[in-house]
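The next block holds one structure in the form of structure tokens; read it before the comments.
The values are calculated or read from the model by the stated rules, or taken from the named source; none is laboratory data. What you see is a predicted model; the values in this text were computed from it and never measured. Don't worry about glycine lacking a Cβ; one is built from the backbone with ideal geometry, like all the others, and counts go over all protein chains shown. These accessible areas exclude ligands, DNA and RNA; they are computed on the full protein's heavy atoms, side chains included. Shrake-Rupley method; radii C 1.70, N 1.55, O 1.52, S 1.80 Å.
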Amino acid sequence: MKGVLKLGSISGIKIEVHWTFTLLLFWVAFLEIQRGSNLDRILLNEALIIVLFICVILHELGHALTAKKFNINTQKITLLPIGGVAMLEKMPEKPRQELLVALAGPAVNVVIAILIFLVVPVKSYFNFDAIVLEEVLYQTTFQNFLFYLFIANVMLVVFNLIPAFPMDGGRVLRALLSFKLGRVEATKIASSIGQGLAILFFILGLLFNPFLILIAFFIFFGAYGENQMVKQNSLLEGHLVREATLTNITLISPVHTIKDVMDITLAGAEKDFVVMDKDEIVGIVTQKHVLKHANTPLLVVKDVMDKDFKTVDASMEIVKVLELFAKEKKNFFPVMDDGMLAGVIDRTNIGEYILFKSVPLK
């Protein structure tokens with residue numbers, strides 16, 4: 001992925017920093033310069049941002065390593081200016097497992113806050129009046145640094161436990177409701193609460209702090225997306241790949257040219273193709289491949305096709321294919337039935353299948 005710095009990996013989970021994270025560091029420095037802060041003050045705040053985001057990585061690792069106990073892998077954790085994102089293959093569907101995974105992240109911040117509380121006289125800070133406290137906190141001491149870090153971790157816990165998707169609190173609420181109501185109804189209620197909170201944040205943002213407007217949009221569409229995804233998976237539950245397989249397909253030969261594929265694409269509705277050689281699948285050609293090599297129309301398919309492809313079995317559940325799309329970062333798979341090519345399946349066809357299944361029977 002472009003624009004990221006790879007820091008390494010922990011337990012097979014890649015840790016990356018997106019380039020936009022540096023903008024946050026520059027912004028913090030700019031604000032401190034605007035306030036007339038000295039170099040020590042600027043460096044303290046920069047260090048605080050870096051250490052705080054290490055805490056964010058540990059938070060995301062809490063989710064990831066707990067999910068791993070339930071055989072759910074995490075591809076990577078990416079550090080962004082707004083926080084960290086752990087790319088879990090999926091969230092557990094069992095309420096108890098989802099509850100543990102959702103709570104694992106905030107639990108890490110609770111532990112960090114407790115450790116700081118044990119070495120810093122936190123209570124003493126609250127004995128000062130506002131003016132004295134401001135003077136004390138302005139001093140660039142290591143104790144103040146740890147106090148800021150304590151407050152930041154407490155805020156991370158509170159913020160993440162807001163009962164709204166995609167926050168951890170939304171998943172905690174959904175997990176608790178799922179014990180009694182089932183996943184679909186629990187998601188509907190949790191997402192409705194989340195969207196209600198998003199509207200409240202939007203209003204508060206208009207009145208007090210514009211940053212709350214960004215959080216409102218983040219929560220509102222996160223809640224909406226989660227609800228749609230769960231409803232979609234509910235509709236697909238128990239349905240197999242063969243029910244949504246596209247069987248009327250055009251097969252491409254390795255010696256076809258890019259121009260041949262372009263002509264076939266323009267003559268029909270297909271965009272991605274299976275490449276066959278003597279009744280054997282040898283690759284796939286997608287619209288992305290064709291567009292990339294459109295300026296060399298005489299190039300043959302065998303030189304551009306994707307040889308690293310996966311097939312899915314007709315007896316596989318459709319929801320598993322959706323997980324495979326996310327895991328493999330591909331949207332097109334040949335479908336096999338008893339060792340023979342039966343057709344293909346892609347996101348478009350699954351979308352159409354969902355559309356038909358969602359139509360109420362009269």
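The slack between Met262 and Phe208, meaning 0.36 nm per residue of separation minus the straight C-alpha distance, is 14.0 nm. In the elastic network of the chain, a GNM with C-alpha springs shorter than 10 Å, the most mobile of Thr22, Thr245, Thr187 is Thr22. Restricting the trypsin sites (Lys or Arg not before Pro) of region 257-356 to loop positions (DSSP other than H, G, I, E, B) with no more than 14 neighbouring Cβ atoms within 10 Å leaves Lys278, Lys307, Lys310, Lys329. Label point of Leu118 set 7 angstrom out along Cα-Cβ; within region 150-166, amide nitrogens under 20 Å from it belong to 150-155, 157. Among Leu44, Leu133, Leu52, the largest mean-square fluctuation in a Gaussian network model of the chain, built with springs joining Cα atoms closer than 10 Å, belongs to Leu133. Here is the list for region 192-299: chymotrypsin sites (Phe, Trp or Tyr not before Pro) lying in DSSP coil, each with at most 12 other C-beta atoms within 10 angstrom of its C-beta, are Phe208. Rolling a 1.4 angstrom probe over the protein heavy atoms with all chains in place gives the chain an accessible area of 57 Å² per residue. Applying 0.36 nm per residue to the separation of Asp279 and Ala47 and subtracting their alpha-carbon distance, the gain on full extension is 77.4 nm. Taking a sphere under 9 Å around the Cβ of Leu246 and counting the other residues whose Cβ falls inside, with K and R at +1 and D and E at -1, yields a net charge of -2. Rounded to the nearest 10 degrees, the inclination of helix 21-34 to the longest alpha-carbon principal axis of the chain is 30 degrees. As a calculated quantity, the FRET efficiency between Leu181 and Asp40 at R0 = 56 Å, using C-beta atoms, amounts to about 0.55. Given R₀ = 41 Å, FRET efficiency for Phe221-Tyr138 by Cβ-Cβ distance, to 0.05? Computed FRET efficiency for Phe221 and Tyr138 comes out at 0.60.
Within straight-line reach of Lys271, meaning a Cα separation under 20 Å, sit the following lysines at least 8 residues removed in sequence or on another chain: Lys259, Lys288, Lys292, Lys302, Lys307, Lys310, Lys329, Lys330.
Largest accessible area first, the residues Ser124, Ser11, Ser37 order themselves as Ser11, Ser124, Ser37 under a 1.4 Å probe with ligands, DNA and RNA left out.
Here the Karplus relation 6.51 cos²θ - 1.76 cosθ + 1.60, evaluated at θ = phi - 60°, turns the backbone of region 12-17 into coupling constants of x, 9, 6, 10, 10, 10 Hz, with x for every Gly and Pro. The translational diffusion coefficient of the chain, from Stokes-Einstein at 37 °C and 0.692 mPa s with a Kirkwood hydrodynamic radius over alpha carbon pairs, comes to 136 µm²/s. Here Asn248 and Lys6 are evaluated by their C-beta separation; at R0 = 51 Å the FRET efficiency comes out at 0.70.
Report in % the part of the accessible area of region 248-346 that belongs to carbon and sulfur, leaving out ligands and nucleic acids; probe 1.4 Å. That share works out to 51 percent.
Taking every alpha-carbon pair under 8 Å whose residues sit at least 6 apart, the chain reaches a relative contact order of 11 percent. Among the trypsin sites (Lys or Arg not before Pro) in region 1-109, those placed in a DSSP loop whose Cβ has at most 12 other Cβ atoms within 10 Å are Lys2, Arg35, Lys69.
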